[in-house]
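Below is one structure, written out as structure tokens; comments come after it.
The values are calculated or read from the model by the stated rules, or taken from the named source; none is laboratory data. Predicted model only: the values in this text are computed from it and were never measured. All Cβ positions, even for glycine, are placed from backbone atoms using ideal geometry, and neighbour counts span all protein chains on display. Keep in mind that these areas ignore ligands, DNA and RNA; they rest on the heavy atoms of the full protein, side chains included. Shrake-Rupley method; radii C 1.70, N 1.55, O 1.52, S 1.80 Å.
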Amino acid sequence: MNLLKWSKRPAAGVEARKPEVNILRGLVARATTPLLPDDYLHLINPLWSARELRGKVLDVTKETDDTATVTIRTGWGFPDSYKPGQYVGIGLQIEGKWHWRSYSLTSIGAGENKTIAITVKANPDGFLSSHLVDGVSPGTIIRLQSPKGDFHLPEPVPGKILFVTAGSGITPVMAMLRQLSAHGQTPDIVHIHSAPTRDDVIFLDEMEQLADEADDYDLNLQLTKEMGKFDVSRMDEWAPDWRERECWACGPVALLDAMEAHYEDGGLRERLHVERFAIARTDHGGEGGTVKFAISDKEAEIDGATTLLEAGENLGIQMAFGCRMGICQTCVVPLAGGYVRDLRTGEERREGERIQTCISAVSGECTLDL
Amino acid sequence: MAITDIDQYAHLTDSDVETLGAELDAIRRDIEESRGEADAKYIRRAITIQRSLAAGGRLALMFSNKKVAWAAGTAMLSLAKIIENMELGHNVMHGQWDWMNDPEVHSASWEWDTTCPSVQWKHSHNFVHHKYTNVVGMDDDVGYGILRVTRDQPWEWWNVGNPIYNLTLGTFFEYGVALHHLETEKLRSKEKTYRQAAKDLRVIGTKVGKQAAKDYLIYPVLAGPNWKTTLTANFTSNIIRNYWAYMVIFCGHFPDGAEKFTVEEFENEDQPRWYLRQMLGSANFKAGPLMRFMSGNLSHQIEHHLFPDLPSSRYEEIGVRVRELCDKYDLPYTTGTLLGQYAQSFRTIAKLALPNSLLKATSDDAPETASELRFAIREGMTDHFGVDPETGKRRGLRTALRELKNSPVRSAHVGRAASGSPGRNQN
């Protein structure tokens, strides 16, 4: 009998910085079952729980008019190392309801200090981002999810790099720049960054200082109000040797689409790494769309009156179901991506929320891990 | 036999039922739109209170050799178990707090502090009981597979033990609930195989093992020399919780006036009629704020059955509006004191130990179950129902029930009606 495994079992899936902690957690859980000791401890200090990662807002600093860096002290279980360029899931409770979004980390995970930072741009239609920039006060407890994402520099770092960023797309790249300079690494970097005016450039001082100090960092600001949009097809004018560079690009959908097309044409698609922030959002009047079942690798076009449960069953997927009228919660699953609409209330639900498949229809497109 | 035509029983026309449904939909919408910070605070506070009581109780019981510590510890632990069962476990698993999007207070992730595995509970309770509420033969809560709670269930010789089974169920209620999912009736009727039951039983066994180990092994061991008194304290608090939960739950569907329904009724049902069945099939009991909290707001069983997934803390407010609707449509709103409601439930269960031939009322006109036929017993009685042209007041089910009750000729007519149409009654 694997005693070690037995000890850890109640804490399976709990993120712990040191795996040994879960042995203790699992043993104590025999007395706190069906809860974990964390469920009691976080009543004393909200950060003393690794069952669901938590953090506490330490500070909110304005970067530009509509951008702020939020510094967060992380609680138990949050990994102290992550890759610059990765993003982190943030949950904030507003009017009783937790809202979840992902933001790029702008801190670089320097070992011991247990704080992270995200830089958030307040979107006019971004409910949560406005709250983070203007409304969140230090001391607020938030929820966190472990850092994720493939948008980061490889080891070893390539010798020649191209960064193409626009607006708040700078955030993951800023983390990469900070990491490189913290590690004293000096690859040859060409950076093209677009923003409407100088005032809108997040981290302007830091980037300009870096450009002054480091010979190999070539910063090209594209101030679109006076200079017009960055035209991907004229890439040669900014970086004649772009074909030799590994490129990381982050920004609005249109820019990334153009970048992808450009690299595709050049036969260099594998050189380009992109990070998409915006999911194709439906307008609120739209109904129906594509539902994807990721694990079964199936998808269907359905109308706004067909439930996800029906859609799945029609595709032959084993779907959990119960009452089929929205009262029993048997069919609840996390929404892995996209948007759905609650057929009873018309409310739109988005990625990260848990939904009942029997009363939800797709709104634009959505993905379920089924 | 139980209600077959709910419109006729409720003395409502098609359009009445439609508008009633729309008005109940409006209540749901209003509550959903107004859920917010205060509700979230309420449930967070309830969780804090419950966990503090649990921790305090366990701590006090470390010194359970002292009588005061034993009593205080047992009391705190009992309260914690009751709150966890009723206001937290039951309601969270109904999805009442899913709107908060909090992964820790969510129907998909909550495991409650009792022997019934929550995944099974969500099936047997949330789905089977709440969808098929009081449909005889479909809702396993009608008798829990062992009790005879309505004259519609055929009498068997072993039903003589009805009151004893009932009290035994109360004592070991958490185990009764855990075994509920086995669906013994379906096993008997071969709708379910023993292999499936064995699978369910394994899941139940694992949970029972964890729960029992905690109360009867781990804490006694931690208490060292006080192991024996810790053991008795834990046992006592489980029994207290069991009786309380059982009592609250039995007051929800078994007092007089909580109606039962036939499969025929269910088959022709739409959403407004589903609402109507919930209203007629459930019963409340009167409670102040503390009692409401301790019963998980199931003192508002009617509201809970209409809106099982709306926050329990709003049932009192919803109840005001539901009572208004009952007045408007002249429908009964079955309620009474806790003890009164329980006494009625127990009386029915005791009575039903006997076969129908020894009982006075018929299953069309008994305290615990009735049908639309009960109104056919007096000639012309249904004729003057509807809206009074002079006062504009509605004469509906509530008025009819009252008249029936006050009718001096009632019993004779019941007898005649029952024997006069045996075909319908014994179906």
>> Testing A:Tyr263 on (1) among the hydroxyl-bearing types (Ser, Thr, Tyr); (2) farther than 29 Å from B:Pro308 by Cα; (3) within 20 Å of the chain's Cα centre (by Cα), one condition comes back false. Which one is that?
In response: (3)
>> Name the residue that is farthest from A:Ala31 (Cα to Cα), counting only residues in the stretch B:214-235 that are free of Cβ contacts under 8 Å to residues at least 40 places away in the same chain, open to solvent by 50 Å² or more (accessible area, probe 1.4 Å) and not hydroxyl-bearing (Ser, Thr, Tyr).
In response: B:Lys228
> Which members of the stretch A:133-162 meet the condition of being closer than 22 Å to A:Asp205 by Cβ and either within 19 Å of the chain's Cα centre (by Cα) or of a type in the set (S, T, N, Q) (or both)?
Replying inline: A:Val133
> Which ones in the stretch B:57-67 are more than 11 Å from chain A (Cβ to nearest Cβ) and assigned to a helix (DSSP H, G or I)?
Replying inline: B:Gly57, B:Leu59, B:Ala60, B:Leu61, B:Met62, B:Phe63, B:Lys67
> Which residues, taken from the stretch B:85-129, are touching an Asp or Glu at 6+ places or on another chain (Cβ under 9 Å) and among the charged types (D, E, K, R)?
Replying inline: B:Asp98, B:Asp102, B:Glu104, B:Asp113
> What about A:Asp205, is it assigned to a helix (DSSP H, G or I), touching a residue at least 40 places away in the same chain (Cβ under 8 Å) and acidic (Asp, Glu)?
Replying inline: no
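Of B:Trp70, B:Trp99, which residue is over 17 Å from A:Thr330 (Cβ atoms), more than 14 Å from chain A (Cβ to nearest Cβ) and in contact (Cβ under 8 Å) with a residue 40 or more places away in the chain? Spell out the reasoning first.
Values: B:Trp99 fails: more than 14 Å from chain A (Cβ to nearest Cβ).
After applying the criteria, what remains is B:Trp70.
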> Among (1) surrounded by fewer than 14 Cβ atoms within 10 Å (Cβ to Cβ); (2) of a type in the set (Gly, Ala, Ser); (3) within 20 Å of A:Asp66 (Cβ to Cβ), where does A:Gly251 come up short?
Replying inline: (1)
> Taking the stretch B:167-218 as the search range and keeping residues that are part of a helix (DSSP H, G or I) and in contact with an Asp or Glu (Cβ under 7 Å, 6 or more places away or on another chain), which one is nearest to the other protein chains (Cβ to nearest Cβ)?
Replying inline: B:His180
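Consider A:Ser181 carefully, then state whether it is touching a strand residue (DSSP E or B) at 6+ places or on another chain (Cβ under 6 Å) and of a type in the set (Gly, Ala, Ser).
Details: touching a strand residue (DSSP E or B) at 6+ places or on another chain (Cβ under 6 Å): no; of a type in the set (Gly, Ala, Ser): yes.
In short, no.
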>> Is it the case, given these coordinates, that B:Ser78 is assigned to a helix (DSSP H, G or I), free of Cβ contacts under 8 Å to residues at least 40 places away in the same chain and either more than 11 Å from every other protein chain (Cβ to nearest Cβ) or over 25 Å from B:Asn126 (Cα atoms) (or both)?
In response: no
>> Looking at the stretch B:189-205, I want the residues that are under 18 Å from B:Lys122 (Cβ atoms) and have a partner that is small (Gly, Ala, Ser) and modelled with pLDDT of 90 or more with Cβ atoms under 7 Å, at least 6 apart or on another chain. Which pairs are those?
In response: B:Ile204/B:Ala178
> Filter the stretch A:17-50 for residues that are part of a loop (DSSP other than H, G, I, E, B) and open to solvent by 50 Å² or more (accessible area, probe 1.4 Å); which is nearest to A:Gly77 (Cα to Cα)?
Replying inline: A:Arg17
>> Conditions first: (1) within 12 Å of another protein chain (Cβ to nearest Cβ); (2) buried (at least 17 other Cβ atoms within 10 Å of the Cβ); (3) of a type outside the set (Val, Ile, Thr). B:Tyr9 passes all but one, so which condition is the exception?
In response: (1)
> Going through the stretch B:21-43 one residue at a time, which ones are more than 8 Å from chain A (Cβ to nearest Cβ), within 13 Å of B:Trp99 (Cα to Cα) and either open to solvent by 10 Å² or more (accessible area, probe 1.4 Å) or of a type in the set (Lys, Arg) (or both)?
Replying inline: B:Glu33, B:Ser34
>> Anything in the stretch A:341-360 that is more than 8 Å from chain B (Cβ to nearest Cβ), touching a strand residue (DSSP E or B) at 6+ places or on another chain (Cβ under 7 Å) and either outside any loop (DSSP other than H, G, I, E, B) or β-branched (Val, Ile, Thr) (or both)? List them, or say none.
In response: A:Arg341, A:Asp342, A:Glu348, A:Arg349, A:Arg350, A:Ile355, A:Thr357, A:Ile359, A:Ser360
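Could you run through the stretch A:103-116 and say how many residues are closer than 21 Å to A:Thr61 by Cβ, without any contact (Cβ under 8 Å) to a residue 40 or more places away in the chain and outside any loop (DSSP other than H, G, I, E, B)? Working first, answer last.
Pass one, the stretch A:103-116, residues closer than 21 Å to A:Thr61 by Cβ: A:103-110, A:113-116.
Narrowing further to those that are without any contact (Cβ under 8 Å) to a residue 40 or more places away in the chain: A:109, A:113.
Applying the additional criterion that residues be outside any loop (DSSP other than H, G, I, E, B) yields A:113.
Selection size over the stretch A:103-116: 1.
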> Checking A:Ala11 against (1) farther than 24 Å from B:Gly56 by Cβ; (2) within 28 Å of the chain's Cα centre (by Cα); (3) of a type outside the set (Lys, Arg); (4) open to solvent by 20 Å² or more (accessible area, probe 1.4 Å), which single condition isn't satisfied?
Replying inline: (4)
> Applying the selection to the stretch B:129-166, what residues are surrounded by fewer than 21 Cβ atoms within 10 Å (Cβ to Cβ) and in a helix (DSSP H, G or I)?
Replying inline: B:Lys131, B:Trp157, B:Trp158, B:Asn159, B:Val160, B:Gly161, B:Pro163, B:Ile164, B:Tyr165
>> Is it the case, given these coordinates, that B:Arg314 is open to solvent by less than 30 Å² (accessible area, probe 1.4 Å) and touching a strand residue (DSSP E or B) at 6+ places or on another chain (Cβ under 7 Å)?
In response: no
>> If a residue must be open to solvent by less than 30 Å² (accessible area, probe 1.4 Å) and of a type in the set (D, E, K, R), how many such residues does the stretch B:282-304 contain?
In response: 1
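Has the stretch B:107-115 got at least one residue that is within 30 Å of A:Asp39 (Cα to Cα), open to solvent by 30 Å² or more (accessible area, probe 1.4 Å), more than 14 Å from chain A (Cβ to nearest Cβ) and touching a helix residue (DSSP H, G or I) at 6+ places or on another chain (Cβ under 8 Å)?
Taking the stretch B:107-115 as the starting set, the residues that turn out to be within 30 Å of A:Asp39 (Cα to Cα) are B:107-115.
Narrowing further to those that are open to solvent by 30 Å² or more (accessible area, probe 1.4 Å): B:108-109, B:111.
Within this subset, residues satisfying the condition of being more than 14 Å from chain A (Cβ to nearest Cβ) are none.
Scanning the stretch B:107-115, I find no residue that is within 30 Å of A:Asp39 (Cα to Cα), open to solvent by 30 Å² or more (accessible area, probe 1.4 Å), more than 14 Å from chain A (Cβ to nearest Cβ) and touching a helix residue (DSSP H, G or I) at 6+ places or on another chain (Cβ under 8 Å), so the answer is no.
Sort through B:Leu88, B:Leu20, B:Leu12, B:Leu24 and tell me the only one that's out of contact with any Ser or Thr (no Cβ under 9 Å at 6 or more places or on another chain), in a loop (DSSP other than H, G, I, E, B) and in contact (Cβ under 8 Å) with a residue 40 or more places away in the chain. Can you show your working first?
On the way: B:Leu88 fails: in a loop (DSSP other than H, G, I, E, B); B:Leu20 fails: in a loop (DSSP other than H, G, I, E, B); B:Leu24 fails: in a loop (DSSP other than H, G, I, E, B).
Just one listed residue meets the conditions, B:Leu12.
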>> Testing A:Tyr87 on (1) closer than 26 Å to A:Ile44 by Cβ; (2) crowded, with 21+ Cβ neighbours inside 10 Å; (3) touching a residue at least 60 places away in the same chain (Cβ under 8 Å); (4) not polar (S, T, N, Q), one condition comes back false. Which one is that?
In response: (1)
> Restricting to strands (runs of 3 or more DSSP E) lying wholly in the stretch A:136-202: which have 2 or more residues that are open to solvent by 50 Å² or more (accessible area, probe 1.4 Å)?
Replying inline: A:141-148
> Counting just the residues of the stretch A:278-306 that are crowded, with 17+ Cβ neighbours inside 10 Å and in contact with an Asp or Glu (Cβ under 9 Å, 6 or more places away or on another chain), which one comes out modelled with the lowest pLDDT?
Replying inline: A:Thr282
